[in-house]
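Colleague: One structure, pasted below without further comment.
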Amino acid sequence: MMLLPILLLCMALAAMLGATVVAAVAWWVGVRRIGLGLVLLLAAGVSAVSFFAGFDSP
């Protein structure tokens with residue numbers, strides 16, 4: 001049980017960093033307004049899923 005808060009914090013950090021990098025690239029390419037928000041949500045979701053997939057893999 002003590003590991004769960006640390007894992008959730010690491011997942012949030014991975015999602016934030018992944019979304020920030022993707023947002024910077026999307027902004028540079030020219031994605032603006034609603035498209036940028038959708039790109040941010042998608043990148044955060046993919047980062048969170050990939051974190052758990054990497055943690056759970058043997």
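The values are calculated or read from the model by the stated rules, or taken from the named source; none is laboratory data. The structure presented is a predicted model; accordingly, all values stated were derived computationally and were not measured. When the accessible area is computed, the model is the full protein with side chains, heavy atoms only, and any ligands, DNA or RNA have been set aside. Shrake-Rupley method; radii C 1.70, N 1.55, O 1.52, S 1.80 Å.
Colleague: When the Cα centres of the range 1-24 and the range 25-56 are compared, how far apart do they sit, in Å?
Modeller: Going from one Cα centre to the other spans 12 Å.
Colleague: Using 0.36 nm per residue, how much length does the chain from Ser50 to Val25 gain when fully extended, once their Cα-Cα distance is taken away?
Modeller: 7.1 nm
Colleague: Convex hull over the Cα atoms of the chain, averaged projected area in nm²?
Modeller: With the hull built on Cα positions only, its mean projection is 4.3 nm².
Colleague: Within the range 1-53, what whole-number % of the accessible surface is contributed by carbon and sulfur, with the 1.4 Å probe and all protein chains included in the calculation? Walk me through the intermediate numbers first.
Modeller: Working: 3420 of 4010 Å².
Percent of accessible area from carbon and sulfur atoms in the range 1-53: 85.
Colleague: Another question, then. Determine the per residue accessible area of the chain with all protein chains present and a 1.4 angstrom probe, expressed in square angstrom. If you can, show how the numbers build up before the last one.
Modeller: Working: 4530 Å² over 58 residues.
Spelled out: the 1.4 Å probe surface of the chain, per residue, equals 78 Å².
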